[in-house]
Amino acid sequence: MLTAKLISLEQVEEIIGLVAKVYGFDFSGYSRASIKRRIVRIMLMKQVTVFELKSQIINDSGFFEEFLQEITVNVTEMFRDPGFFKALREKVLPYLSTYPRIKVWNAGCSTGEELYSFAILLAEENLYDRSFLYGTDINPLVLETAKRGIYDLKKMKQNSENYIASGSIRSLANYYVAHYDAVSINSSLKKNTLFSMHNLVTDGVFNEFQIISCRNVLIYFTVELQERVLNLFYESLCPLGFLCLGSKEFLRNEELARKFRVIDKIENIYQKIE
Amino acid sequence: MNKEALYIVSKIKIAEILLIGCSAGGFSIIYDLVLNFPENFPLPVLIVIHRSRKYKSLIEEQLNLNSKLKVKMAEDKEQIKKGIVYFAPPDYHLLVEEGGSLSLDYSEPVLFCRPAIDATFQSAADVYKEKVIAVLLSGANEDGAEGIAYVSELNGLTVVQDPDFAEMRTMPQAAIEKANVDLILNNLQITELMNEINQVKNLLE
Ligand SMILES: C[S@@+](CC[C@H](N)C(=O)[O-])C[C@H]1O[C@@H](n2cnc3c(N)ncnc32)[C@H](O)[C@@H]1O
């Protein structure tokens, strides 16, 4: 059996339409090739045909909840792209050291590893007590994990390697306690955090931030949706606030790019200047 | 079984994109192929190789300096153009979108591979259907076999390196077992096929 044969692009379109109509979730601005791969994955997991998939989406809201959890790509790591965190430490945090309040918005935070990486850097620069970190995502399940801050011990090897590669001289083990095969992030890193649902497609500005980090989310969006979301970030940044994108994401739109200064060209860090 | 020449030519005539996938043992033939492409090679080329994200690789830079075509790492949402050879970036799947643009995807590795050859071949076949030419070379795992089978299913032209000539035979062998492959070729024949693509398509222009 060929997995790619399970559903055609036309049928993917039908599913997207159905989900919008029945539940009001709008995936029309997502890259289709990626959405198709997710739907194929769900069909394999649930052992359903396209016909069954459709009828379950319509008739079974519990099934739809699972569908929603699986349609998004939630893969993440702590200190993913170590070069980015190095740049953050060297080029962004010193700038913010004089600020009385540092509000960070981690949009598309998934299971929280990125947000806790920010928390660790802020703590190491003695800025954590002045900081507040908001983690948002469209997927409620990953937010639950993020809130708990409990991760698989097996993942910590990669996380630690990333952390060391980001230029740290300490050990990541300072920031969690291990019990059996899981680790729990120190509560001191959790106290100034809040995780909540926010859909970048439909929800608007909810606060003003010194840093917005949205990494490896925009690649799943079409160019038009990317632009809309980038405008939302622009509106949500304080003057001279920082915007951090993923290593394959950048400000393509010239009009928008003019309102920012490039802080790091490789790591895609920008500062709002007008 | 190698199909008859007329059939192959008819496939080449309609082709709009060339896909190449390889893993361990395939790098040197990739070099040779890319350096051999003439300036007016008629198809855009997408190449997926398995490489570690840990070491910065300079394949694109090196090839770009010496190749007649422009060689670059694929960027998210860029439009596919002929005259350009695109490499999948390490650690991301490279996907083809409707309208002929590229997108990157960080979903789970496939058979421990990211980029996965399957992901690129499948998404390209969804968009370009029978207008795909897909070439699978040496490799030590079975990534690419599903992709080749799907290209074949949608009537694209499928080409696999003869396992006896591949440095690692697992990958081409798996594809041959999974799909009814159009052409099983040795290295020299693969180069000749590229020349033929060039001649056939440029004659049509
Ligand atoms: C690949 S993860 C990125 C995690 C982390 N930022 C990183 O770079 O490792 C993408 C996340 O974006 C979230 N996402 C997708 N669409 C979204 C939307 N419309 N609004 C908010 N979050 C979204 C997904 O649920 C997923 O958790």
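So here's what we get for this one:
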| item | result |
| --- | --- |
| Qualifying positions in segment A:107-148 - near the ligand (Cβ under 7 Å from one of its atoms), assigned to a strand (DSSP E or B) and not small (Gly, Ala, Ser) | A:THR136, A:ASP137 |
| Residue among A:PRO82, A:PRO94 that is within 14 Å of chain B (Cβ to nearest Cβ), more than 8 Å from the ligand (Cβ to nearest atom) and either among the small types (Gly, Ala, Ser) or within 23 Å of A:VAL262 (Cα to Cα) (or both) | A:PRO82 |
| Cross-chain or 6+ apart pairs with Cβ under 8 Å, segment A:95-109 first and farther than 11 Å from A:ILE211 by Cα, then assigned to a loop (DSSP other than H, G, I, E, B) and within 16 Å of the ligand (Cβ to nearest atom) | A:GLY108/A:ILE138; A:GLY108/A:LEU200; A:GLY108/A:ARG215; A:GLY108/A:ASN216; A:GLY108/A:VAL217 |
| First in segment B:98-109 and more than 7 Å from chain A (Cβ to nearest Cβ), second anywhere and of a type in the set (Gly, Ala, Ser), Cβ under 7 Å, 6 or more apart | B:LEU102/B:ALA74; B:PRO109/B:ALA116 |
| Failed item in (1) crowded, with 18+ Cβ neighbours inside 10 Å; (2) modelled with pLDDT under 95, with A:ARG215 passing the rest | (2) |
| Index of the failed condition, A:ILE169 passing every other in (1) in a helix (DSSP H, G or I); (2) among the β-branched types (Val, Ile, Thr); (3) more than 16 Å from the ligand (Cβ to nearest atom) | (1) |
| Top-ranked residue in segment B:95-113 [being within 16 Å of the ligand (Cβ to nearest atom) and at pLDDT 95 or above; ranked as nearest to the chain's Cα centre (by Cα)] | B:LEU95 |
| Test: residue in segment B:36-51 that is surrounded by fewer than 15 Cβ atoms within 10 Å (Cβ to Cβ), touching a residue at least 24 places away in the same chain (Cβ under 8 Å) and among the basic types (Lys, Arg) | no |
| Whichever residue in segment B:139-154 is assigned to a loop (DSSP other than H, G, I, E, B) and free of Cβ contacts under 8 Å to residues at least 40 places away in the same chain and, among such residues, is nearest to B:GLN122 (Cα to Cα) | B:LEU154 |
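Here's the yes/no breakdown for (1) under 16 Å from B:CYS22 (Cα atoms); (2) without any contact (Cβ under 8 Å) to a residue 60 or more places away in the chain; (3) hydroxyl-bearing (Ser, Thr, Tyr):
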position	(1), (2), (3)
B:TYR92	yes, yes, yes
B:CYS113	yes, no, no
B:THR120	yes, no, yes
B:TYR128	no, no, yes
B:LEU136	yes, no, no
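The values are calculated or read from the model by the stated rules, or taken from the named source; none is laboratory data. Because the structure is a prediction, the values reported are computed rather than measured. Methodologically, a virtual Cβ is constructed for each residue, glycine included, from the backbone with ideal geometry; neighbour enumeration extends over all protein chains shown.
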